[in-house]
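First the structure, in the form of structure tokens, and then the observations on it.
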Amino acid sequence: MELKQENIGGTVVVHCLGERLDSLVAIKFKDEFRQLAGEDAQRVVLNMGAVKFMDSSGLGAVVAVFKLLGPDRVFDLACLTPAVDRVFRLTRMDSVFSIFDSVDAAVAAPPKSAMFI
């Protein structure tokens, strides 16, 4: 999966550019994310607007990068497509992550700590 980083007002936004986050790309996703998120930003937003399909391995990869960031950094999700949103809701992970309709909304919202799992 190809990822792209953007800095917006001190927030690192990582854009997923692939349409699938599944077992075939989960390891590559985690490796690339680790490089892009860096250690300086206190807040990271994952833009998943291009992701049309996500399986349990993809969900596991998102949880893994969340844990990688640690409890002192804020990790938010933005632009979930209906299929990806359904995965988060069915697994009740929507109660763990702050999910925003847009990157702008995520960046503008006051940071709040997610429940660390």
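Every number in this text was worked out from the coordinates using simple rules, so none of it is lab data. For clarity, every value in this text was computed on a predicted model and none was experimentally measured. Cβ sites come from the backbone with ideal geometry, for glycine too, and all protein chains shown count toward neighbours.
Results, tabulated for the structure shown:
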read-out	value
Set of aspartates and glutamates near residue 28 by C-alpha distance (under 13 Å), chain-local residues within fewer than 8 positions excluded	2
Debye-sum result for the chain in log10 I(q)/I(0), which assumes one identical scatterer on each alpha carbon, at q = 0.13 Å⁻¹	-0.41
Loop chymotrypsin sites (Phe, Trp or Tyr not before Pro), the range 28-117 (other Cβ atoms within 10 Å of the site Cβ: 12 or fewer; DSSP)	116
DSSP beta bridges in the chain [antiparallel fraction, %, rounded to 5]	30 percent
Mean ellipticity per residue at 222 nm, deg cm²/dmol - from DSSP H runs of n ≥ 4 across the chain, formula -39500 (n - 2.57)	-10500 deg cm²/dmol
Residue 55 paired with residue 40, simple spin-label distance in nm, labels 7 Å along Cα-to-beta-carbon	3.8 nm
Aspartates and glutamates whose Cα lies under 12 Å from that of residue 52, excluding same-chain neighbours fewer than 8 positions away	19, 22, 85
Extreme residue, positive dipole direction of the chain, given options 70, 51, 109 (C-beta unit charges)	70
Taking the chain and dividing mean pair separation by its residue count, relative contact order in percent (alpha carbons under 8 Å, at least six apart)	25 percent
